[in-house]
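Taking it in order: structure first as structure tokens, then the write-up.
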Amino acid sequence: MFGSTPAQVVWTLVPLVSFSLFAAVPFVVAAAKGVIKPWPAGVYVVGEVGVFAFSTAMSGNDPKNWTGLLLVLLMLVATTHTALLDSKKIHIGK
């Protein structure tokens with residue numbers, strides 16, 4: 001999927017820099033290019049919509065509100081998985 005190392009760095013930074021707003025974009029692009037099967041991209045789209053719907057529905061200053069944790073986890077997991085898209089050792093979803 002990545003043509004060069006700078007391209008890999010840029011694509012890997014997309015979920016991180018966008019604070020998980022565009023977490024699914026690298027996976028949708030990879031599925032469109034045929035690098036991965038469509039289902040991992042679908043899982044990321046559904047997960048991202050679910051996390052944002054949940055975080056939007058929860059409001060207030062409740063100390064038990066853990067929506068920020070969900071957003072950070074989505075950001076870190078998406079960044080890590082984007083970095084592993086071209087890995088030859090990973091076979092799940094390819």
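So if I place +1 on the C-beta of Lys and Arg and -1 on the C-beta of Asp and Glu, and nothing else carries charge, what would the dipole magnitude of the chain be about its Cα centre? I want it in debye, nearest 20. Show your work: numbers first, answer last.
Numbers: 6 positive and 3 negative charges, 74 e Å.
Charge dipole of the chain: 360 debye, to the nearest 20.
Quick check on packing: order 72-78, 46-52 by the mean number of other C-beta atoms within 10 Å, highest mean leading.
In descending order of packing, they fall as 72-78, 46-52.
For the chain, evaluate the Debye formula with one uniform point scatterer on each Cα (no solvent term) and list log10 I(q)/I(0) at q = 0.13, 0.26 Å⁻¹, rounded to two decimals.
-0.45, -1.37
Listed highest first by mean packing, meaning other Cβ atoms within 10 Å per residue, what order do 26-36, 5-15 come in?
Answer by packing, highest mean first, reads 26-36, 5-15.
Report relative contact order for segment 12-94 in percent, whole number only (criteria: Cα-Cα under 8 Å, sequence separation at least 6).
43 percent
Across segment 11-26, in residue order, what do the Karplus-derived ³J(HN,Hα) couplings come to in whole Hz, using 6.51 cos²θ - 1.76 cosθ + 1.60 with θ = phi - 60° and x for Gly and Pro?
5, 5, 7, 4, x, 6, 5, 7, 6, 6, 5, 10, 5, 8, 4, x
Quick note: the coordinates plus some simple rules give every number you see, no bench work behind them. Bear in mind that the values here come from a model prediction, so they are computed numbers and not experimental data. Don't worry about glycine lacking a Cβ; one is built from the backbone with ideal geometry, like all the others, and counts go over all protein chains shown.
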